[in-house]
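Comments concern the structure below.
Where a number appears in this text, it was derived from the coordinates with a stated rule and is not lab data. Please read all numbers here as calculations on a predicted model, not as lab measurements. All Cβ positions, glycine included, derive from the backbone under ideal geometry; neighbour counts span all protein chains shown.
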């Protein structure tokens, strides 16, 4: 329960703050948000709180039936909630392109994109596009999705005259990556694969993606921000592939943050007026934080961007 004693940062919030608390009195009506991985855990709570504040939430999910169950439970609690469920498999570029085409032709605006979905510490597996699964899902999938939706976000920002916001869910685990940060030449090398190192690599990529995207958006003069966040120490079903973490999460459950607290930083960055104009930053506990040195390497960020373009082209 360390978070009970955490100090409030400059934002006025801390690790003890919940998603509802950091969005208190914020009116998100008129905003449309996409939240990936919203069938459980942090994604579900993020979708619920955004809907509670009046945003129209789109949930792209791999399991459509599960998505509709979540939608029904949220609408039961919040009868005014506006939620759509669409099919998306982030480990498949074909699925991402299909979703983006359907969304862009739907007529829906797009103010907020929350790249939340992730897999963690799984055994070595290749995606449908023959890319190591954690890198494919956690980074490449969201990289491609963001690029395909960016024109719609730009259009919405201009027409609505409201700042667009992109939020990448990273993790403190970005500090525990491979020695070179990103193994560009060994992304699919099973012999050097480490489940948690690969997870850390993908979370480092989330930060670098947001930083490079922010730089490009600023150069273009577009009213869209891009930031990355660490949700905190939260036990979610992400640990399902990692036996040790499942055991530790069970033993130390009372010391971990709740899902409501874990979703706070994401909701803060997505909605709070304090974050207006803030871009290219890494946030934790609803405050700007300092990531590992690799995450601040602009050359590495550019190299990752070009590498990701090559993989998705």
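Pairs of Cα atoms in the range 27-168 fall into 5 Å distance bins, from 0 up to the last occupied one, in shares of 2, 11, 20, 23, 21, 14, 7, 3, 1, 0 percent. For the range 170-211, the relative contact order is 60 percent, taking Cα pairs closer than 8 Å that sit 6 or more residues apart in sequence and dividing their mean separation by the residue count. Spatial offset of the range 257-303 relative to the range 92-111 amounts to 25 Å, using the alpha carbon center of each.
For the range 4-45, the mean projected area of the C-alpha convex hull, equal to one quarter of the hull surface, is 4.2 nm². For the range 269-313, the alpha-carbon radius of gyration amounts to 1.47 times the rule-of-thumb value 2.2 N^0.38 Å expected for a compact globular protein. Each peptide in 268-278, 129-139 receives the mean, over its residues, of other Cβ atoms within 10 Å, and ordering these scores from highest gives 129-139, 268-278. Averaging the sequence gap over all C-alpha pairs within less than 8 Å and six or more residues apart, then dividing by the number of residues, gives the range 179-239 a relative contact order of 26 percent. Against the compact-protein benchmark of 2.2 N^0.38 Å, the Cα-based radius of gyration of the chain scales to 0.92.
When the Gaussian network model of the chain links Cα atoms closer than 10 Å, the mean-square fluctuations of 113, 50, 197 top out at 197. Taking only the C-alpha atoms of the range 146-242, Rg followed by Dmax gives 16.2, 50 Å.
Across the chain, C-alpha contacts under 8 Å between residues 6 or more apart give a mean separation that, scaled by the residue count, equals a relative contact order of 22 percent. Counting DSSP beta bridges in the chain, what percent are antiparallel, to the nearest 5? Antiparallel: roughly 15 percent of the beta bridges in the chain.
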